[in-house]
Amino acid sequence: MNKQIIQTADAPQAIGTYSQAVRVSGGETVYLSGQIGLDPATMQMVEGIESQIVRVILNMKAVATASGGSLGDIVKLNVYLTDLAHFAKVNEIMSHHFSQPYPARAAIGVASLPRGALVEMDAVMVMSK
């Protein structure tokens, strides 16, 4: 897989753990379904926004690994939050689990999420053939 990070001064610079755009060629695409903060052992929601963000990322990591990839293969990430005030916490926690170059990303404020979750993430992953 060839991953090229796109940056231009003609659009606002990234203000967090994401890239303006990512161009990918020569790989296999895997679409990761939305993950919420359910503990896979108990199927119960973890408590609090920080714990949910971490659990969501760990759940995504598990699905990426099961697909033969890693968080580093994610090229597009969507983050859904019931309170956009938690966005800074998403950036902080993402910085511990993702490394540069970061994936392209969108953050969307939503009224509610399944099972009373505070955060959900889905992703597109491209892996080398």
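Read-outs: derived from the displayed coordinates by stated rules, not from any lab. Source: prediction; values computed, not measured. Positions of Cβ are generated from backbone atoms using ideal geometry, with glycine treated the same way; all protein chains shown enter the neighbour counts.
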Query raised in the report: Where does the charge balance sit around S19 when Lys and Arg score +1, Asp and Glu -1, over other residues with C-beta under 11 Å from its C-beta?
Result: +4
Query raised in the report: Taking amide hydrogens as modeled 1.01 Å from N in the peptide plane, which residues meet the under 5 Å criterion relative to L32, leaving out close sequence neighbours?
Result: A123, V124, M125
Query - Using θ = phi - 60° and Karplus 6.51 cos²θ - 1.76 cosθ + 1.60, couplings along region 23-32 (whole Hz; Gly, Pro as x) - result: 9, 10, 9, x, x, 9, 9, 10, 9, 8
Report summary line: Along region 66-82, Karplus-curve 3J(HN,Hα) (6.51, -1.76, 1.60; θ = phi - 60°) to the nearest Hz, with x for Gly and Pro, reads 4, 8, x, x, 8, 4, x, 8, 6, 10, 9, 10, 10, 10, 10, 10, 7
Requested in this report: Over the chain, calculate the relative contact order: mean separation of alpha carbon pairs under 8 Å at least 6 apart, over the residue count, as a percent.
Outcome: 37
Report task. Could you run the Karplus curve 6.51 cos²θ - 1.76 cosθ + 1.60 with θ = phi - 60° over region 113-125 and give me ³J(HN,Hα) per residue in whole Hz, x for Gly and Pro? Result -> 9, x, 6, x, 4, 9, 8, 9, 9, 10, 8, 10, 10
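Checking the a/c ratio against 1.5 first, then a/b against b/c, what shape does the Cα gyration tensor give for region 2-128?
The shape class here is oblate.
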Report summary line: At R0 = 30 Å the Cβ-Cβ FRET efficiency linking D83 and D122, nearest 0.05, sits at 0.95
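Expected output is a single nm value to one decimal: the length gained when fully extending between T29 and Q44, i.e. 0.36 nm times separation in residues minus the C-alpha distance. What is it?
Numbers: separation 15, 0.36 × 15 = 5.40 nm, distance 3.00 nm.
Computed gain between T29 and Q44 is 2.4 nm.
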Report summary line: Listed by chain and number, the aspartates and glutamates with an alpha carbon less than 20 angstrom from that of K129, same-chain partners under 8 positions apart left out, are E28, D73
